[in-house]
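Student: Provided herewith is a single structure, encoded as C-alpha cells, for subsequent inquiry.
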Amino acid sequence: ETGVTQTPRHLVMGMTNKKSLKCEQHLGHNAMYWYKQSAKKPLELMFVYSLEERVENNSVPSRFSPECPNSSHLFLHLHTLQPEDSALYLCASSQQRGSIEQYFGPGTRLTVT
Amino acid sequence: GNSVTQMEGPVTLSEEAFLTINCTYTATGYPSLFWYVQYPGEGLQLLLKATKADDKGSNKGFEATYRKETTSFHLEKGSVQVSDSAVYFCALSEPSGSARQLTFGSGTQLTVLP
C-alpha cells in the first residue's frame, strides 16, 4: 500500500451505534489530520496530531473521539452521532518540517440514519 | 485570521476552452499557496503549489502564479479536457504551532463537456 489509506470507504450507522474510522499513512510523515467535508461547505479541520500528540481540536463535539496510537495510524471513534454528521471524512498527513503539502486519503462516506 | 475566497461554481466549459478559477486570500504572514483537485468519489490530490511571491506552480497543463500585490493565486489552463471535470480547491498554509494547517476555499465544481 502506498500513500494514505482509509477504511471503510462507506459506512452507514444508526444514531445509537459505535463505530470507528481508520486511517493509515505509508509516507513516513509525522503529522496527521481529520477533516469533515459536507455538501456545499468548505472543508472543516477537526483534529491535528503531531508526533502522536493532539495539537488542535477545533470545537468538535465529544461524540467524535480521535486516537493516534503511532505516527502511521489515526482513528476517529464515533458514538451517538446525529444525521447532520453525515459527510465525507478525510484523513491527511504531512511532514512537520520540510515538505509543506498535505496528502489526503480517499475518505470515508458516512451516513447516519 | 486566514481565509481563502474562490469563485463560486459550478463552471461548465466545452472541451478545449480556456479555464480560469479565481482565488484570493487573506493571511497574517507569508503563506504557501496550493490548488487541490477532487475527482468524483475520491479524496483531494495536490495539483500544484507555490511557496513565495511570483512563484508559478504548474502541473498537467494547469498553472497558477503567487501574486502578493493582489493576494491572488488564480488557476488557469489553456485547453481543458473532459477528464478535468472535478472540484478544485484553493488553499493556503501557514505554520501553526507544531504542525502546518491548511485553510481551504469552498471549492469550485468544473464540468467539461465533449
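The values are calculated or read from the model by the stated rules, or taken from the named source; none is laboratory data. Worth saying up front: this structure is predicted, and the values here are computed from it rather than measured. Every residue, glycine as well, gets a Cβ built from its backbone with ideal geometry; the counts of neighbours run over all protein chains shown.
Student: May I ask you to list the residues in the range B:37-48 that are at the interface with chain A (Cβ under 8 Å from one of its Cβ atoms) and surrounded by 21 or more Cβ atoms within 10 Å (Cβ to Cβ)?
Tutor: B:G43, B:L44
Student: While we're looking at this one, here's another question. Which of the residues belonging to the range B:6-25 are surrounded by 13 or more Cβ atoms within 10 Å (Cβ to Cβ), at pLDDT 95 or above and within 15 Å of the chain's Cα centre (by Cα)?
Tutor: Matches in the range B:6-25: B:V11, B:L19, B:I21, B:N22, B:C23, B:T24, B:Y25.
Student: If you don't mind, another one. Select the strands (runs of 3 or more DSSP E) contained entirely in the range B:29-114, then report the ones holding at least 1 residues which are under 22 Å from A:G3 (Cα atoms).
Tutor: B:32-38, B:44-50, B:56-59, B:86-96, B:99-104
Student: Considering only residues that are surrounded by 14 or more Cβ atoms within 10 Å (Cβ to Cβ), facing chain B (nearest Cβ under 9 Å) and modelled with pLDDT under 90, which ones fall in the range A:52-95?
Tutor: A:V55, A:E56, A:S94, A:Q95, listed by residue number.
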